[in-house]
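These notes concern the structure reproduced below.
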Amino acid sequence: MNKCLSKLDGALFAAISKTMENMTFEEVQIVHHNKEANIFVKDATWAILPIVRPYCGQLVLEITPGCGHTFAGVVIGKIDKNEVSDEWIQDMLAEMANTIAGRFVAALLQDNEAFELGLPTTGQGPMPKLATYITKISLNIGGHSMVASIAGDAFRHFAGTKQEVIENENSCG
Amino acid sequence: MIEKVVIADDSSTARMIIRRCLEIAGCIDVDFLEAEDGVQALHFVREDDVDLLVTDLNMPNMDGRLLLKRVKGSPKLTNIPIIIITSASNEAIREELIKQGAHAVVTKPVSPASVAKALEDLMDEKQWG
């Protein structure tokens, strides 16, 4: 499937793909990308990763409880669903957010520009109020849903230009 | 010979992945000490005869940068090799950390191959048997 994405969405998708491929051995597909999308289920497990500098904002990941158990089974190596605690799932999601944020910010910067990430916060159910959402991508990862968002006005200018093409090698039409 | 390794990361998931990668990379029969932050890691390296410190950068209480500075600034600890495993990595950050005394910088997500490469470089440098 062709996807013509902004630089921001392209960098986010590439960071998620690489991370999930490495951590869960799953292929990632975009279901929907729209910052207004009202996506997700209640009781989602979430992780918020602050991006401190040079651009200030947040990366947010949300997954369903079922998704959390499946990923934890692969990442942590626990097959029995009862062995996987909510704490484990939140810790794993925080680590995924940390890794994705690093790849995402690095892709937006020159190699000689340093950057800094903050410490993650995690939870289940309602999330704290965040800064303005700049983008929101809904993903299918091995049959499970994940939503990834970027908040913070500093990232707005990366959302303007549609230039990245992913999921095949054709150019933007 | 690596016999005792400190793994410092605030994420238990990350510590487990790093440990698994180290084992696959050849660290078998190794005593792993897991630290949740730089303070605990520093305590371990001060109290135990540690052969290798593998640390994240972004941690509460004492981050990996300060831990690196403390270890490399101590005449007693300065010879302990340090591998930094971090998600916040590019060429600028890598260069800065190597300049501060880190032996290798591995970008997350870690893989057995990337950890093995860092260990291999370290072995060559230190001539461990």
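The values are calculated or read from the model by the stated rules, or taken from the named source; none is laboratory data. Because the structure is predicted, anything quoted here is derived from the model rather than measured. Here Cβ is always computed from backbone atoms with ideal geometry, including for glycine, and neighbour counts include all displayed protein chains.
Brief remarks on what is shown
- With respect to (1) closer than 23 Å to A:L59 by Cα; (2) away from every other protein chain (no Cβ under 14 Å); (3) of a type in the set (V, I, T), the lone exception for B:I93 is condition (2).
- Selection of region A:9-21 for residues being surrounded by 15 or more Cβ atoms within 10 Å (Cβ to Cβ) and either modelled with pLDDT under 85 or under 30 Å from B:I18 (Cβ atoms) (or both) yields A:G10, A:A11, A:L12, A:F13, A:A14, A:A15, A:I16, A:S17, A:K18, A:T19, A:M20.
- Filter result for A:Y55 (more than 14 Å from every other protein chain (Cβ to nearest Cβ), surrounded by fewer than 21 Cβ atoms within 10 Å (Cβ to Cβ) and of a type in the set (F, W, Y)): no
- If you go through region A:75-129 and pick out every residue that is part of a strand (DSSP E or B) and facing another protein chain (nearest Cβ under 9 Å), you end up with 2.
- Filter pass, A:T24 being at pLDDT 90 or above, within 14 Å of chain B (Cβ to nearest Cβ) and surrounded by 15 or more Cβ atoms within 10 Å (Cβ to Cβ): no
- Options B:V115, B:V110, B:V54, B:V105: the member that is surrounded by 15 or more Cβ atoms within 10 Å (Cβ to Cβ), closer than 27 Å to A:M23 by Cα, in contact with a Ser or Thr (Cβ under 7 Å, 6 or more places away or on another chain) and aliphatic (A, V, I, L, M): B:V105
- Screening A:F40 on (1) under 30 Å from A:H157 (Cα atoms); (2) among the hydrophobic types (A, V, I, L, M, F, W, C); (3) at pLDDT 85 or above shows it passes everything except condition (3).
- When residues of region B:1-49 are limited to those that are β-branched (V, I, T) and surrounded by fewer than 16 Cβ atoms within 10 Å (Cβ to Cβ), the one farthest from the other protein chains (Cβ to nearest Cβ): B:I28
- Residue selected from region A:129-173 under the condition touching a Lys or Arg at 6+ places or on another chain (Cβ under 9 Å), of a type in the set (S, T, N, Q) and modelled with pLDDT of 80 or more, by the criterion farthest from A:T24 (Cα to Cα): A:T132
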